[in-house]
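Let me give you the structure first, and then I'll get to my questions.
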Amino acid sequence: MTYDFQNIEKKWQQYWKENNTYKTNTDTSKPKFYSLDMFPYPSGSGLHVGHPLGYIASDILSRFKKLKGFNVLHPMGFDSFGLPAEQYAIQTGKHPALTTQENIKRYKEQLKNIGFSFDWDKEVQTSDPNYFKWTQWIFLKLFNSFFDEEQNKARPIDELDIPKNLSDQEKEAFINGHRLVYQDEIQVNWCPALGTVLANEEVTGGVSERGGHPVVRRPMRQWVMRITSYAERLISGLEELDWPESIKLSQKNWIGKSHGAEITFQEKNSKEPITVFTTRPDTIFGVTYLVLAPEHPLVDKISTSERKASIEAYIDEASKKSDLERAELDKTKTGVFTGAFAINPVSGEEIQIWVSDYVLISYGTGAVMAVPGGDQRDFEFAQKFNLEIRQVITPDGKEIEELNEAYPGQGIMLNSGAYNGWKSEDFFPKSIELIEAAGAGKATINYKLRDWVFNRQRYWGEPIPILHTEDGRVVAEDEENLPLTLPEVESYEPSESGESPLARIEEWVNIDHPKYGKVRRETNTMPQWAGSCWYYLRYLNPENENLFADPEAIKYWMPVDVYIGGAEHAVLHLLYSRFWHKVLFDLGYVSTDEPFQRLINQGMIQGRSNFVYRVKNTNTFVSHGLRKDHDSIPMHVDVNIVRNDELDLEAFRNWRSDLADAEFILEDGKYVCGVEVEKMSKSKYNVVNPDKIIEDYGADTLRMYEMFLGPLEQSKPWNTNGIDGVHKFLKKFWSLFFDEKGNLNLSDEEPSKEALKVVHKTFKKVQDDIERFSFNTPVSEFMICVNRLRELNCNNRDLLEKLVIALSPFAPHISEELWNKLGHSESVTKANFPQYEEKYLQEDVFEYPISINGKMRTKISFPVDMLQDDMKPEILSNEVVQKWLEGKEPKKVIIVPKRIVNVVV
RNA sequence: GCGGAUGUGGCGAAAUUGGUAGACGCACUAGACUUAGGAUCUAGCGCCGCGAGGCAUGGGGGUUCGAGUCCCUCCAUCCGCACCA
């Protein structure tokens with residue numbers, strides 16, 4: 001009886017669906033396990049073979065935990081708001097909701113073919129009004145909260161202490177100035193090509209992360225989330241999480257905490273205070289000038305009249321530069337002198353004030369005290385403009401002659417008045433004392449993290465549920481009016497002024513509100529990240545109409561035990577959702593401070609491209625090994641017509657019409673293709689579709705092979721070449737159960753000791769491996785086990801039955817079929833994972849490797865009960881060892897029980 | 001520049017606390033069986049050497065009875081961040 005995977009898989013997928021096999025059990029007496037995947041954005045091109053890698057791992061883990069007696073929550077959903085569907089709508093006029101639904105349908109089919117144990121009753125889609133109702137609701141919670149610095153947590157805005165004697169307008173402004181979501185006129189990353197504002201996180205190297213379009217800076221009215229209030233907690237919260245160190249570090253670096261001091265200098269004429277941030281107050285005596293960012297508000301006030309023109313020209317030039325250009329031009333420093341002077345509050349010295357774009361308005365105070373002797377940037381600037389470079393810290397307290405670069409390290413003070421000869425580490429706290437004594441500042445902590453620009457001028461996103469009243473107030477839409485849904489629009493294009501397409505829909509924007517009268521709706525929508533900030537909470541209770549999730553369910557299921565997804569979300573999604581979660585925690589809506597206890601980053605699956613080599617100006621193709629003999633150009637060839645790097649010539653001729661008459665120069669009768677690892681993409685013809693693999697080999701083979709490919713965390717190229725090995729394993733496994741005629745051929749006789757040992761060892765290994773998130777080694781373990789059982793001719797019913805259970809997380813379809821054939825009426829998912837027994841793993845005799853002076857020499861067998869730590873050299877009386885020792889008395893015998901004996905002579 | 005990760009046969013990889021390096025699989029070689037296959041089975045397969053044996057985990061050094069694993073140093077590749085004061 002052959003292993004008919006196609007019918008078996010179809011049959012069981014049907015069975016699971018009909019019997020609700022994967023319905024989440026909420027029996028709260030059992031321990032819970034919440035296994036979460038990063039849900040996909042349903043793109044138009046469907047899944048390729050790399051996408052399900054993490055899902056397969058989490059599915060194995062979920063199924064394993066279920067067999068171990070846990071209630072498992074293993075949901076799936078779709079991050080269905082986003083740019084590609086909107087771009088497509090702009091091009092075709094097709095409503096993004098339709099495109100999205102079609103894509104989701106395709107994704108679900110593909111996912112179902114792989115045999116995941118997702119509970120589809122828990123599915124969420126972020127663009128579903130029943131879902132984004134609660135995204136809007138959470139937005140309003142943030143809008144109606146403020147951050148209490150003293151208690152270090154968010155609180156309802158009605159509890160905010162409002163200063164007395166404020167006019168109504170001032171009161172309003174005060175409250176708005178404390179909300180966790182607020183409006184601000186700020187410099188934003190405007191992307192003309194996408195027609196929207198992007199978060200700093202979405203801009204890399206001056207271009208948009210998606211699409212690589214140029215981004216410029218421009219002031220606009222924006223909705224902003226006060227994530228900076230949580231900077232400290234977002235750092236400290238990382239400590240208790242089982243996350244990869246690299247991700248924790250990325251988040252820490254992103255938040256960018258630095259200890260230092262704020263120091264206020266005074267401008268000489270206007271007496272304007274200029275506050276700078278520095279991490280090195282100990283270099284206060286080395287300050288030889290100040291620098292303001294071009295956007296700094298004081299630039300205009302303090303610059304002298306004769307310098308105004310050149311300064312304005314400089315500022316104008318700087319503002320035209322995009323971040324990209326600023327970064328590109330980083331080689332030489334530019335700047336202008338304002339003509340103004342400042343007084344060093346500690347030394348009393350008078351120093352020049354300059355403007356330069358190497359100082360960023362967005363970090364610290366937008367002004368720096370320049371210490372050219374201790375900071376490389378200041379050094380370069382001072383060199384270029386002939387400003388004084390004063391050494392205040394050197395390794396030995398003596399001036400370095402011929403200073404070619406700044407000395408940023410620690411050392412001994414010099415040129416610092418009364419403090420010469422101090423160690424810089426000791427002077428650091430003293431310098432802060434001096435600054436405080438001068439009433440010019442204090443020690444502070446500064447963060448790189450900036451508040452999160454939380455809106456996009458786009459159609460396909462959650463509408464922001466805010467109303468602008470006629471008298472200029474900004475008020476929240478009533479909760480009972482949520483969800484606020486998207487109106488139909490004629491055009492999905494954003495307007496040139498940067499307003500969203502919603503702004504054109506008059507009847508949607510201008511409404512007569514029962515509570516606030518004539519109001520104008522906010523026309524911005526939320527950014528792509530909004531929906532994914534909290535989806536893991538909605539999974540607990542997606543049907544709930546009264547709350548985003550049931551508090552009891554939250555208490556039971558949270559936190560997420562294992563969250564598997566790509567490392568590309570290290571700082572974006574994972575920081576935002578932690579922020580929202582902490583706000584919800586402060587407001588009492590969730591039971592944990594952190595959402596994701598354990599995080600695992602699966603590696604990327606790269607493509608493995610194949611190449612053919614066309615001899616120039618011909619339709620002849622030369623095999624890889626012979627290409628040097630000809631003048632040839634490489635050409636991508638579809639990996640689906642290549643097997644083990646050998647080209648299928650017929651298929652190649654049929655691939656494209658222009659290749660129908662292709663000729664080949666073969667080596668050893670074969671056409672061998674070249675290979676290169678690249679990103680998987682259509683244009684490189686290296687996309688491998690899981691549907692095709694499933695058709696040829698089955699979902700069980702796909703699942704096991706994806707795991708077998710290598711460690712989950714590691715990035716690796718997809719290579720279909722090795723898949724036969726895994727497929728062969730499943731065939732062998734299948735054949736263990738049947739005789740030649742296809743009848744079940746099992747015995748109830750006592751299995752051999754050897755068979756018991758092999759199988760129980762497999763149970764132990766597989767269990768231990770899964771628990772340490774190693775999914776590739778169990779596959780090997782199963783292979784060893786099955787090969788061994790075949791050698792031993794073992795067909796013991798009990799052992800094989802248990803093996804079916806152990807294999808079921810990896811290969812659920814074949815396991816169900818065999819389980820059923822073994823006479824069980826219930827699904828194998830209801831079974832218990834087989835417990836290994838120590839007694840079968842023990843050996844009677846242990847074959848010890850003996851090494852002499854660290855070199856492996858021979859082996860010797862001991863009864864297991866002799867294996868003690870205090871084994872004496874006498875045991876080496878064995879002839880074999882004596883021969884190696886040449887009769888010498890060993891000096892020392894080192895015995896590692898169950899491992900090795902090392903003899904030192 | 002700063003930070004992180006990785007480096008083991010022809011290839012993907014194993015080696016959980018330092019203890020027989022290369023398990024398992026692919027590819028390859030030889031053989032068996034044939035209803036001639038993209039099937040199945042058996043054996044071989046790190047390198048040098050006829051052999052005993054020697055050499056091998058990116059290079060060099062160290063600790064140890066013993067190092068892929070720990071320490072120092074250099075090199076290569078990949079991935080983040082990047083005028084953050």
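For residue A:677, put the label point 7 Å out on the Cα→Cβ axis and report which residues of region A:763-786 keep their amide N under 19 Å from it.
Under 19 Å, as judged by backbone N against the label point of residue A:677, lie A:775-777 of region A:763-786.
Using only Cα atoms, find the angle between the long axis of helix A:305-320 and the longest principal axis of chain A, and express it within 0 to 90 degrees, rounded to the nearest 10.
That works out to roughly 20 degrees.
Based solely on its DSSP helices, what 222 nm [θ] is calculated for chain A when runs of n ≥ 4 H residues each add -39,500 (n - 2.57) and the sum is averaged over all residues, nearest 500 deg cm²/dmol?
Taken over chain A, the calculation gives -9500 deg cm²/dmol.
A follow-up question, please. What order do you get for A:214-224, A:53-63, A:237-247 when each peptide is scored by the mean count of other beta carbon atoms within 10 Å, highest first?
The densest-packed peptide leads the list: A:53-63, A:214-224, A:237-247.
Keeping all protein chains in place, calculate the accessible area per residue for region A:398-515 (probe 1.4 angstrom), answer in Å². Mind dumping the intermediate values first?
Values: 6180 Å² over 118 residues.
Solvent-accessible surface per residue comes out at 52 Å².
Using the 2.2 N^0.38 Å rule of thumb for compact globular proteins, work out how region A:3-69 stacks up: its C-alpha Rg over that value, please.
The value comes to 1.37.
At 1.4 Å probe radius, can you tell me the per residue accessible area of region A:628-763 in Å²?
I get 51 Å² per residue for region A:628-763.
Further question on the same structure: When you count, for each residue, the other Cβ atoms within 10 Å and take the mean per peptide, how do A:84-91, A:809-816 rank with the highest first?
So the order, starting with the most tightly packed, is A:809-816, A:84-91.
According to the Cα gyration tensor, what semi-axes, each the square root of 5 times an eigenvalue, does the equivalent ellipsoid of region A:435-491 have, listed from largest to smallest in whole Å?
Values for region A:435-491, descending: 42, 17, 11 Å.
Against the longest alpha carbon principal axis of chain A, how many degrees, from 0 to 90 and to the nearest 10, is the axis of helix A:83-92 turned?
The answer is roughly 80 degrees.
How much of the accessible area of region A:424-512, in percent, comes from carbon and sulfur atoms when a 1.4 Å probe is used?
Its accessible area is 45 percent carbon and sulfur atoms.
For region A:365-500, evaluate the Debye formula with one uniform point scatterer on each Cα (no solvent term) and list log10 I(q)/I(0) at q = 0.08, 0.09, 0.17, 0.22 Å⁻¹, rounded to two decimals.
-0.52, -0.58, -1.05, -1.42
In terms of Cα to Cα distance under 18 Å, which lysines are near enough to residue A:271, apart from those fewer than 8 places away along the same chain?
Result set, ordered by chain and number: A:301.
Based only on Cα atoms, what Rg/Rh ratio does region A:668-756 have, Rh being taken as Kirkwood's radius?
With Rg and the Kirkwood Rh in hand, the quotient comes to 1.13.
Okay, moving on. Rounded to the nearest Å, what's the spacing between the alpha carbon centres of region A:614-635 and region A:35-62? Just the number, please.
Centre-to-centre distance over Cα atoms comes out at 39 Å.
In whole Hz, what ³J(HN,Hα) sequence does region A:467-474 give by Karplus (6.51, -1.76, 1.60; θ = phi - 60°), x for Gly and Pro?
Running phi through 6.51 cos²θ - 1.76 cosθ + 1.60 with θ = phi - 60° gives 10, 10, 7, 5, 8, x, 8, 10 Hz.
Rounded, prolate or oblate: which one fits region A:224-346, using the alpha carbon gyration tensor with axes a ≥ b ≥ c (rounded when a/c is under 1.5, else prolate when a/b beats b/c, else oblate)?
prolate
So what does log10 I(q)/I(0) come out to for region A:415-461 at q = 0.20, 0.21 Å⁻¹, using the Debye formula with one equal point on every Cα and no solvent?
Each listed q maps to, in turn, -0.81, -0.85.
Starting from the 7 Å offset along Cα-to-Cβ, what nm value, one decimal, do you get for the label separation of residue A:620 and residue A:780?
The two pseudo-label positions are separated by 4.6 nm.
If you take the beta carbon distance between residue A:480 and residue A:218 as r and set R0 to 35 Å, what does 1/(1 + (r/R0)^6) give as a FRET efficiency, to the nearest 0.05?
According to the calculation, E is roughly 0.40.
Something else now. In whole angstrom, note down how far apart the Cα centers of region A:679-703 and region A:517-545 are.
35 Å
Let me ask something else. Could you state the angle between the C-alpha long axis of helix A:699-708 and the longest principal axis of the C-alpha atoms of chain A, as a value from 0 to 90 degrees rounded to the nearest 10?
The answer is roughly 70 degrees.
Per residue, how much space in cubic angstrom lies within the convex hull of the C-alpha atoms of region A:500-575?
Cα-based convex hull of region A:500-575, divided per residue, equals 160 Å³.
While we're on this one: What does the convex hull of the Cα atoms of chain A come to per residue, in Å³, rounded to a whole number? Please report the intermediate quantities before stating the final value.
Values: hull volume 256.5 nm³, N = 905.
Measuring per residue, one finds 283 Å³ for the Cα hull of chain A.
Roughly how many Å is it from the Cα centre of region A:360-378 to that of region A:705-739, as a whole number?
Centre-to-centre (Cα) distance: 57 Å.
Follow-up. Quick check on my link table: of A:65/A:741; A:257/A:430; A:252/A:582; A:11/A:753; A:10/A:66, which ones sit more than 25 Å apart, alpha carbon to alpha carbon?
Violating the 25 Å limit, Cα to Cα: A:65/A:741; A:11/A:753.
Okay, next question. Counting only heavy atoms of the protein chains, get the accessible area per residue of region A:32-76 (1.4 Å probe) and round it to a whole Å² value.
Per residue, region A:32-76 has 17 Å² of solvent-accessible surface.
Roughly speaking, to the nearest percent, how much of region A:129-238's 1.4 Å accessible area is carbon and sulfur?
Its accessible area is 47 percent carbon and sulfur atoms.
Give the carbon-plus-sulfur fraction of the accessible surface of region A:699-771 in %, rounded to a whole number; probe 1.4 Å, heavy atoms of protein chains only.
46 percent
The values are calculated or read from the model by the stated rules, or taken from the named source; none is laboratory data. This is a predicted model, so every value here is computed, not measured. With ideal geometry, Cβ positions are generated from the backbone for all residues, glycine too; neighbour counts draw on all protein chains shown. For the accessible areas, the whole protein counts, side chains as well, though only heavy atoms, and no ligand, DNA or RNA atoms are used. Shrake-Rupley method; radii C 1.70, N 1.55, O 1.52, S 1.80 Å.
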